[in-house]
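Colleague: Can you keep this structure in mind? I'll have questions shortly.
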Amino acid sequence: MTTETSSISEWEAAYQRFETPEQEVAKFIKRLRQMGADSWPRGAKIVEIFCGRGNGFVALSQLGFTNLEGVDLSADLLSKYQGPAKTYVRDCRQLPFEDGSRDILIVQGGLHHLPTLPSDLEQTLNEVKRVLKPGGQFMVVEPWLTPFLRAVHFASERKLVRAISKKFDALHTMIVNEQRTYDQWLSQPDAIVKLLDERFAREQFRAAWGKLMYLGRRGR
Ligand SMILES: C[S@@+](CC[C@H](N)C(=O)[O-])C[C@H]1O[C@@H](n2cnc3c(N)ncnc32)[C@H](O)[C@@H]1O
């Protein structure tokens, strides 16, 4: 097993320990509602990119959405999803969809895994814009270096905290395994926001509790 493979599986194991599927689904439903999902048409064509083990689809299904697709690099994580969404094992820097063909694209905790910023982010955002219908929406939830996240980092770096809390322990393992791309992402907030705003008309923007929550619309 290469070092890279071993670190990926360690990351996947920690990701699965971090929270239960039920906790993750409840978190996703709350976020979707905050971003206005209650007003989205239930038949909207929705793609979740970097969809991982697919709990985003479970949340969307529970809210009544029926036309769901997802893209992720990990066949292992995708295989954990059993449901009606159609999934593709692909790199999100090249999406397997026609131009102007989908209503809503969503990413939750995926962009900060891109290897090289800003070029990979530019490429991925160009793909999102290409695939969205004119007037389609893009929802982003990603880590953001707010005071809360700094405090979480401080705590998770403490051995004692990790010994007491399985959640902090899993979080620490995830961060260590994705350290390079995570740090790269957190260190470039202005460039990231600029790339988003250059491609989408901003409808919502919140940076709080360690998360960026962004909703933008493709021009017509
Ligand atoms: C933190 S997980 C988030 C998964 C999912 N959004 C969730 O919240 O459950 C990040 C995901 O990004 C995937 N990933 C990383 N780089 C990718 C790429 N270039 N294209 C597609 N998926 C990628 C990983 O396999 C992983 O499932």
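We did not get these values from a lab; they are worked out from the coordinates using the rules stated. None of the values given here were measured: they were computed from a predicted structure. All Cβ positions, even for glycine, are placed from backbone atoms using ideal geometry, and neighbour counts span all protein chains on display.
Colleague: If you place +1 on the Cβ of every Lys and Arg and -1 on the Cβ of every Asp and Glu, how big does the dipole about the Cα centre of the stretch 96-220 come out, in debye to the nearest 20?
Modeller: Details: 19 positive and 15 negative charges, 87 e Å.
Roughly 420 debye for the stretch 96-220.
Colleague: Would you calculate the separation in nanometres between label points at Gln204 and Thr116, each defined as 7 Å from the Cα along the Cα-to-beta-carbon direction?
Modeller: 3.4
Colleague: Rounded to whole Hz and in sequence order, give me ³J(HN,Hα) for the stretch 43-52 from the Karplus expression 6.51 cos²θ - 1.76 cosθ + 1.60, θ = phi - 60°, writing x for Gly and Pro.
Modeller: With coefficients 6.51, -1.76 and 1.60, one gets x, 4, 7, 10, 10, 9, 8, 6, 7, x Hz.
Colleague: How would the stretch 45-166 be classified by its alpha-carbon gyration tensor: rounded, prolate or oblate, with rounded meaning a/c under 1.5 and the a/b versus b/c comparison settling the rest?
Modeller: Taking the square roots of the gyration eigenvalues as a ≥ b ≥ c, the stretch 45-166 is prolate.
Colleague: Compute the angle between helix 3-18 and the longest alpha-carbon principal axis of the chain, please, reported from 0 to 90 degrees and rounded to the nearest 10.
Modeller: 80
Colleague: Let me ask something else. Can you list the residues, at least 5 places off or on another chain, whose amide H is less than 5 Å from the amide H of Glu142, using H built in the peptide plane?
Modeller: Distant-sequence amide H within range of Glu142: Gly109, Leu212.
Colleague: Please state the relative contact order of the stretch 3-217 as a whole percent: Cα pairs under 8 Å, 6+ residues apart?
Modeller: Result for the stretch 3-217 is 21 percent.
Colleague: Identify all lysines with a Cα-Cα distance to Lys133 below 21 Å; exclude those on the same chain that are fewer than 8 residues away in sequence.
Modeller: Excluding near neighbours in sequence, the set is Lys45, Lys86.
Colleague: Another one. In a GNM of the chain with a 10 Å cut-off on Cα contacts, which of Ser119, Ser74, Ser61 has the highest mean-square fluctuation?
Modeller: Ser119
Colleague: Moving to a separate point now. Using a 10 Å cut-off around each Cβ, can you sort Ser9, Ser187, Ser39 from fewest to most neighbouring Cβ atoms?
Modeller: Working: Ser9 14, Ser187 11, Ser39 6.
Listing Ser9, Ser187, Ser39 from fewest to most nearby Cβ atoms yields Ser39, Ser187, Ser9.
Colleague: In whole Hz and in residue order, list the ³J(HN,Hα) couplings for the stretch 154-168 that follow from phi through the Karplus curve 6.51 cos²θ - 1.76 cosθ + 1.60, θ = phi - 60°; x for Gly and Pro.
Modeller: With coefficients 6.51, -1.76 and 1.60, one gets 4, 5, 6, 7, 8, 4, 4, 4, 5, 5, 7, 10, 5, 5, 5 Hz.
Colleague: What does the extension gain come out to for Val193 and Arg158, with contour length at 0.36 nm per residue minus their alpha carbon separation? Mind dumping the intermediate values first?
Modeller: Details: separation 35, 0.36 × 35 = 12.60 nm, distance 3.14 nm.
Difference between extended and current length: 9.5 nm.
Colleague: Mind checking which lysines have their Cα closer than 18 Å to the Cα of Lys30? Skip sequence neighbours fewer than 8 apart in that chain.
Modeller: Lys211
Colleague: Taking Cα atoms, how many degrees apart are the long axis of helix 189-199 and the longest axis of the chain, rounded to 10 and kept between 0 and 90?
Modeller: The two axes meet at around 10 degrees.
Colleague: 5 Å is the cut-off here: which amide hydrogens, built 1.01 Å from N in the peptide plane, fall below it relative to Glu48, excluding neighbours closer than 5 in sequence?
Modeller: Under 5 Å from the amide H of Glu48 lie the amide H atoms of Glu69, Gly70, Val71, Ile106, each far enough along the sequence or on another chain.
Colleague: Hey, what angle do you get for helix 119-131 against the long axis of the chain, alpha-carbon based, 0 to 90 degrees rounded to 10?
Modeller: 30
Colleague: Sticking with this structure for a sec: Would you kindly derive the ³J(HN,Hα) couplings of the stretch 96-111 from the backbone phi angles with the Karplus curve 6.51 cos²θ - 1.76 cosθ + 1.60 (θ = phi - 60°), listing them in order in whole Hz, with x for Gly and Pro?
Modeller: Karplus values, whole Hz, x for Gly and Pro: x, 9, 5, 4, x, 10, 10, 7, 9, 10, 10, 9, 10, x, x, 4.
Colleague: Okay, next question. Collect residues whose amide H, placed 1.01 Å from N in the peptide plane, falls under 5 Å from the amide H of Glu203; neighbours closer than 5 in sequence don't count.
Modeller: So Glu203 has HN proximity to Leu215, Gly216, Arg217.
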